[in-house]
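Worksheet: one structure, shown below.
The values are calculated or read from the model by the stated rules, or taken from the named source; none is laboratory data. Nothing here was measured: the structure is a model prediction, and the numbers come from that model. When we count neighbours, we look across all protein chains shown, and the Cβ atoms used for this are built from the backbone with ideal geometry, even at glycine. Note: accessible area is taken over every heavy atom of the protein model, side chains too, but ligands, DNA and RNA are not part of it. Shrake-Rupley method; radii C 1.70, N 1.55, O 1.52, S 1.80 Å.
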Amino acid sequence: MRAGVKRSAHWIVSIAMLVAVVLYGRTIDWSSAWAAIRDASWPILLIATLANFVTLGAKAITWWIFLRAVGVPSLSLATKATIAGAGLNNILVANSGDAARAVFVTRASGASSAAVLAALALERLFDLIGYIVLMAGAAYLLPMPHEIERWRFVAVGVLLGIVVLFGVLLRKAPAVVAATVYPPTIVGRMRTYLGRFVESVRNILTVERIALAMALAMVNWAAQIATYHLVAVAAHFPISVVGSVTTLITANVGFVVRATPGNVGVFQLVYGVTAQALGLNRDSAVAVALLLQLIQNLPVTILAIAI
């Protein structure tokens, strides 16, 4: 019953988002948007594309740091799987590419799927932590819109909660933690697998790995800011760096629910609404959002297909 309710809720949210995208698209002056795209500076877009690959590289290295702790030492494998997963996320919904890259590494390395999944979960967690740090830092240090500033206390609270969680895991975990094996029933197997997952998380986490993952998360989000702003500069869109940070924060709320492959359409809606709230031209903002997804998705997807 719960699975059915969850599935129905997902479809309702997805359909609602698609309707919103269609209605929003009907209000756009597409001739102006396409004109802005045609006039964009392609050399600057190339630099933005390279900046986007920096974000992908930071994620791959973060995952590799955690994978090494569970017996998967290949940086090449982690990088290929990360690119392949990102490419799949661009053409599928619900972050399906992340599940695929876990399967890819498990089959290629022969490592425990629970351990590989634990490493992946930690990589995704630090991506989220970086986002929360960006939101909190921007809200405190930059002149952000009130809608973002009011979330700074929540962001700080979440960060403190994560710090406490890490402290508990680091304090209670001995050098090697053994998972309990339950009876071979369906429930027992699930509990055993969950135990192995938690065991892997505890054995992966060290102060050094946390520090390295945190530094790479900051590199990842700094490169994303550069990507956003460079594309805006290429399209001659008069948005400030603070404005680019604002659009990055609001647009990435979309990673919670992927209603369309790569969030195409939803991303343009969120970016356009945010830019319009900042007093900028909506049609030009949609053009920037289209260019952003072009340089973020197309090269990665082509490379993923090649891999």
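Using only the alpha-carbon atoms of region 105-238 as identical scatterers, what base-10 log of I(q)/I(0) does the Debye formula give at q = 0.13, 0.15, 0.16, 0.17 Å⁻¹?
Here log10 of I(q) over I(0) equals -0.73, -0.88, -0.95, -1.01.
Give me the accessible area of residue 208, 1.4 Å probe, in Å² rounded to the nearest 10.
Roughly 130 Å² of residue 208 is accessible to a 1.4 Å probe.
May I ask you to compute the full-extension gain from residue 164 to residue 124, defined as 0.36 nm times their residue separation minus their alpha-carbon distance, rounded to one decimal in nm? Kindly include the intermediate steps, with their values, before the conclusion.
Details: separation 40, 0.36 × 40 = 14.40 nm, distance 1.83 nm.
My answer for the length gained is 12.6 nm.
What net charge is computed for the residues neighbouring residue 195, neighbours being all others with C-beta under 13 Å from the C-beta of residue 195, Lys and Arg scored +1, Asp and Glu -1? Show your work: numbers first, answer last.
Working: positive: 189, 191, 196, 202; negative: 199.
Summing Lys and Arg as +1 and Asp and Glu as -1 gives +3.
Looking at region 111-152, what % of the alpha carbon pairs are farther apart than 17 Å?
Numbers: 402 of 861 pairs.
Considering region 111-152, 47 percent of its Cα-Cα pairs are separated by more than 17 Å.
Can you give the Rg and Dmax of region 88-135 based on its C-alpha atoms, in angstrom?
Gyration radius and largest Cα-Cα distance of region 88-135: 12.4, 38 Å.
Determine, from the Cβ-Cβ distance of residue 198 and residue 306 and an R0 of 45 Å, the FRET efficiency 1/(1 + (r/R0)^6), rounded to the nearest 0.05. Don't skip to the end; give the middle numbers.
Working: r = 36 Å, r/R0 = 0.81.
With R0 = 45 Å, the Cβ-Cβ based efficiency is 0.80.
Expected output is a single nm value to one decimal: the length gained when fully extending between residue 34 and residue 149, i.e. 0.36 nm times separation in residues minus the C-alpha distance. What is it? If you can, show how the numbers build up before the last one.
Working: separation 115, 0.36 × 115 = 41.40 nm, distance 3.34 nm.
In short, 38.1 nm is gained.
Radius of gyration and Dmax for region 202-307's Cα atoms, expressed in Å?
Reported Rg and Dmax, both Å: 15.8, 51.
Under Stokes-Einstein, with the Kirkwood radius over Cα pairs standing in for Rh, what whole-number D in µm²/s applies to region 258-307 at 10 °C and 1.306 mPa s? Write out the running numbers ahead of the final one.
On the way: Rh = 11.6 Å.
Reported coefficient: 137 µm²/s.
When only alpha-carbon atoms are used, what values of Rg and Dmax, in angstrom, describe region 83-168?
For region 83-168, the Cα radius of gyration and maximum Cα-Cα distance read 16.7, 50 Å.
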